[in-house]
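The values are calculated or read from the model by the stated rules, or taken from the named source; none is laboratory data. What you see is a predicted model; the values in this text were computed from it and never measured. Backbone-built Cβ (ideal geometry, glycine too); neighbour counts: all protein chains shown.
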Amino acid sequence: MSNSSVISEVAQGERFVPGAVVLATLNSPREKYWGAVIELNVAGLSIRGIDLNSFEDFIGLVRENEPVSAGAVFFPMHRVERIELDVRNGAIPSLSDRFQAKTGRTASAIFGVQPTAVVEIGCSLLEAERRFVLATLAAMQDDYLLAARVLGTTEERLRLVVNPADPTAPKAERQ
């Protein structure tokens, strides 16, 4: 997704919807919380996620298949200083990208809050396909084989759609 399409979506107010993965900065006491929006309204922010200080520990537990879950919490609006979408910034990966690279699982599947698929006018067909595959994977709890069967394709094709720059993908498929 290009930065300009992210900015236009944010400007339209369509991205802070249930399921959107965000980084919330809070005050009194100062905290950062990473997770998926459950609800955002004038009263505050409901989010399922983790304190950012425990990010690496959380990754380790998920990678080791330890029983772990993200907490659902409510922060009253007077504590919410800022909410940012967890998106890639050029070559800098998002927290979700880092999480998936280290664990092989998506943040949405771990947080248990299904993202709302957003396909705007002007979105490329490849980006629409990628979003559709990601939503399907989230619904299938990151089970590539099951998602491939549901979509009538192969696991390798799904992995290629999700990460087109994957150097392990067969060269013919990357083109």
> What is the number of the single condition among (1) within 23 Å of Ile47 (Cα to Cα); (2) modelled with pLDDT under 85; (3) not polar (S, T, N, Q) that Ala101 does not meet?
Replying inline: (2)
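Can you name the residue in segment 47-80 that is basic (Lys, Arg) and over 16 Å from the mean Cα position of the chain (by Cα) and, of all such residues, is farthest from Leu26 (Cα to Cα)?
Here is the first cut: in segment 47-80, the ones basic (Lys, Arg) are 48, 63, 79.
Cutting the leftovers down to over 16 Å from the mean Cα position of the chain (by Cα) gives us 63, 79.
Working: Arg63: 28, Arg79: 5 Å.
Out of the qualifying residues, it is Arg63.
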> What is the one condition in (1) modelled with pLDDT under 85; (2) farther than 25 Å from Trp34 by Cβ that Ala148 does not satisfy?
Replying inline: (1)
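Which one of these is more than 15 Å from Val113 (Cβ to Cβ), aliphatic (A, V, I, L, M) and surrounded by 12 or more Cβ atoms within 10 Å (Cβ to Cβ): Val87, Val17? Give the derivation first.
Numbers: Val17 fails: more than 15 Å from Val113 (Cβ to Cβ).
None of the others qualify; the one that does is Val87.
Test Leu134 against the criterion of being among the aliphatic types (A, V, I, L, M), at negative phi and at pLDDT below 80, and give yes or no. Working first, answer last.
Values: among the aliphatic types (A, V, I, L, M): yes; at negative phi: yes; at pLDDT below 80: no.
No, not satisfied.
I'm checking my understanding of the structure. Among residues of segment 20-59 that are assigned to a loop (DSSP other than H, G, I, E, B) and either surrounded by 13 or more Cβ atoms within 10 Å (Cβ to Cβ) or among the polar types (S, T, N, Q) (or both), which one is modelled with the highest pLDDT? Walk me through how you get there before you give the answer.
Pass one, segment 20-59, residues assigned to a loop (DSSP other than H, G, I, E, B): 20, 27-30, 42-43.
Then drop every residue that is not either surrounded by 13 or more Cβ atoms within 10 Å (Cβ to Cβ) or among the polar types (S, T, N, Q) (or both), which leaves 20, 27-28.
Details: Ala20: 87, Asn27: 92, Ser28: 89.
Looking at the filtered set, the residue picked out is Asn27.
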